[in-house]
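Contents: one structure, followed by commentary.
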There are 2 protein chains.
Amino acid sequence: MANQTTQMNMNMHMGPWKITVYDQEYYQGRWWEFTSCCKNIMEYGMENIRSLKVECGAWVGFEHSSYNGQQFVLEKGDYPCFEAYMGSHGYRVERMMSFRPVYSACHKESRMCVWECENMMGRQWELCDDYPSLQAMGWHNNEIGSMRVQSGAWVCYQYPGYRGYQYIMECDCHGGEYRCYREFGTHAHTPQIQSIRRIQH
Amino acid sequence: MANQTTQMNMNMHMGPWKITVYDQEYYQGRWWEFTSCCKNIMEYGMENIRSLKVECGAWVGFEHSSYNGQQFVLEKGDYPCFEAYMGSHGYRVERMMSFRPVYSACHKESRMCVWECENMMGRQWELCDDYPSLQAMGWHNNEIGSMRVQSGAWVCYQYPGYRGYQYIMECDCHGGEYRCYREFGTHAHTPQIQSIRRIQH
């Protein structure tokens, strides 16, 4: 276990992000390696991403080009097919056209505040851990009106147990402020959020 | 926050489990409340479960009757449709025919050991936290050969970020021992596991 911890700390500080994307399932077909943002995968001659490997850092993938549409958090590991990187959604997304590193992902300390109503109004709760069920931890309903990320990066999910729509929230975006559900993401159409966790390298 | 913590501790010790299941989406149609196991929902005149609310405790749902097939961890919260309780799978499960409480879910201390090979052989790693990416934390590949749950209950996922097939592992089942991937669950057909987390009340 001592060895594993050493390994873990090395990974945290290794700096450069690295992702390899493929246009066929199971790491077949055309492929590209990236160490920073990709605004539109079509500029690299790919029509879609059907499998990928995250080798370093945490990333966020987007359904559409220019970082629009549904969001998917991508942490180190192997994603052999669509099902591996998308969540469980009402309509099944089978595209990922742009992606970028999550620069503010942080091991040391992640803090955010959530409020019952829009514009940081109503009941308030400070988060500093992972919460697979907000209601189990004492939150009173299945919605969050607004939030502010003080440090680190977080992913919020529509349903308990880290399921459904994902919203990636970062202290470096919007000044960390998300004043109503329409600011959660371009795909947000409800304030329903039932699980939240930190994104760590 | 002090109030929230008090609330949280109360919930932990409230004892009885409670789930309400409905045969239509968005909590419509025929419904039943349960406080313990349900081996076959058809015995209650329901052909399927299309929405549910977990009001107390952590539960595990199964695709087939008699606790067989794909497994879904169900924590406190609202699940208005199939997409809310199933994961993201290669073949889309749209049934839940049996379910039971996770009795060994534990807030205080959860510990398990994973091994590289079957029968507790090869490299070993002790877990006591949530791991959205095992590889990011130092595990060397995307598979786990065997495991032993010392305390609490855990859910293991096929892909990083708590996606894909779920395997619920408990210290009270099999004596907490899972000696090869075929013992992970009746639906397991690969040793691929890339994220693991504790189940807590």
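Of the residues making up the range A:137-170, just one is under 14 Å from A:R197 (Cα atoms), among the hydrophobic types (A, V, I, L, M, F, W, C) and assigned to a loop (DSSP other than H, G, I, E, B), namely A:M137.
Among the residues of the range B:187-199, just one is under 18 Å from B:A153 (Cβ atoms) and either in contact with a helix residue (DSSP H, G or I) (Cβ under 8 Å, 6 or more places away or on another chain) or surrounded by fewer than 17 Cβ atoms within 10 Å (Cβ to Cβ) (or both), namely B:A188. Filtering the range B:132-145 to residues that are more than 9 Å from chain A (Cβ to nearest Cβ) and either crowded, with 24+ Cβ neighbours inside 10 Å or of a type in the set (V, I, T) (or both) leaves only B:I144. Kindly state which strands (runs of 3 or more DSSP E) lie completely within the range A:27-111 and contain at least 3 residues that are at negative phi. Answer list for the range A:27-111: A:28-34, A:51-56, A:59-64, A:68-74, A:98-101. For the criterion of being closer than 19 Å to A:Y67 by Cβ, away from chain B (no Cβ under 12 Å), of a type outside the set (V, I, T) and surrounded by fewer than 20 Cβ atoms within 10 Å (Cβ to Cβ), A:E177 passes. Considered as a group, the residues in the range B:60-71 that are buried (at least 22 other Cβ atoms within 10 Å of the Cβ) and of a type outside the set (S, T, N, Q) include one that is nearest to the chain's Cα centre (by Cα), and that residue is B:G61.
Mind checking whether some residue in the range A:34-56 is over 24 Å from A:E183 (Cα atoms), within 11 Å of chain B (Cβ to nearest Cβ), touching an Asp or Glu at 6+ places or on another chain (Cβ under 7 Å) and surrounded by 18 or more Cβ atoms within 10 Å (Cβ to Cβ)? Taking every residue of the range A:34-56 in turn, at least one turns out to be over 24 Å from A:E183 (Cα atoms), within 11 Å of chain B (Cβ to nearest Cβ), touching an Asp or Glu at 6+ places or on another chain (Cβ under 7 Å) and surrounded by 18 or more Cβ atoms within 10 Å (Cβ to Cβ). Going by the structure shown, is B:G185 at the interface with chain A (Cβ under 10 Å from one of its Cβ atoms), in a loop (DSSP other than H, G, I, E, B) and out of contact with any Lys or Arg (no Cβ under 8 Å at 6 or more places or on another chain)? So B:G185 fails the test. With respect to the stated conditions, B:A84 fails to be touching a residue at least 24 places away in the same chain (Cβ under 8 Å) and touching a His at 6+ places or on another chain (Cβ under 9 Å).
The rows are residues; the columns are (1) modelled with pLDDT under 95; (2) within 15 Å of A:T190 (Cβ to Cβ); (3) under 14 Å from the mean Cα position of the chain (by Cα).
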site: A:C113; (1), (2), (3): no, no, no
site: A:N119; (1), (2), (3): no, no, no
site: A:M137; (1), (2), (3): yes, no, no
site: A:G152; (1), (2), (3): yes, no, yes
site: A:G164; (1), (2), (3): yes, yes, yes
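Consider the range A:112-136 and keep the residues that are of a type outside the set (D, E) and part of a loop (DSSP other than H, G, I, E, B). The one that is nearest to B:D130 (Cα to Cα) is A:P132.
Does A:F72 count as modelled with pLDDT of 95 or more and among the aromatic types (F, W, Y)? So A:F72 fails the test.
More than 24 Å from A:F34 (Cβ to Cβ), buried (at least 18 other Cβ atoms within 10 Å of the Cβ) and facing chain B (nearest Cβ under 8 Å) - does that describe any residue in the range A:111-126? The answer is yes, given that some residue of the range A:111-126 is more than 24 Å from A:F34 (Cβ to Cβ), buried (at least 18 other Cβ atoms within 10 Å of the Cβ) and facing chain B (nearest Cβ under 8 Å).
In the set (1) in contact (Cβ under 8 Å) with a residue 60 or more places away in the chain; (2) buried (at least 16 other Cβ atoms within 10 Å of the Cβ); (3) over 29 Å from B:C156 (Cβ atoms), the condition left unmet by A:Y167 is number (3). Taken together, the residues in the range A:87-109 that are more than 16 Å from A:G57 (Cβ to Cβ), at pLDDT 80 or above and within 14 Å of chain B (Cβ to nearest Cβ) amount to 2.
The values are calculated or read from the model by the stated rules, or taken from the named source; none is laboratory data. Since the structure is predicted, the reported quantities are computational estimates derived from the model, not experimental observations. Cβ coordinates were reconstructed from backbone atoms using ideal geometry, including for glycine residues, and neighbour counts include every protein chain displayed.
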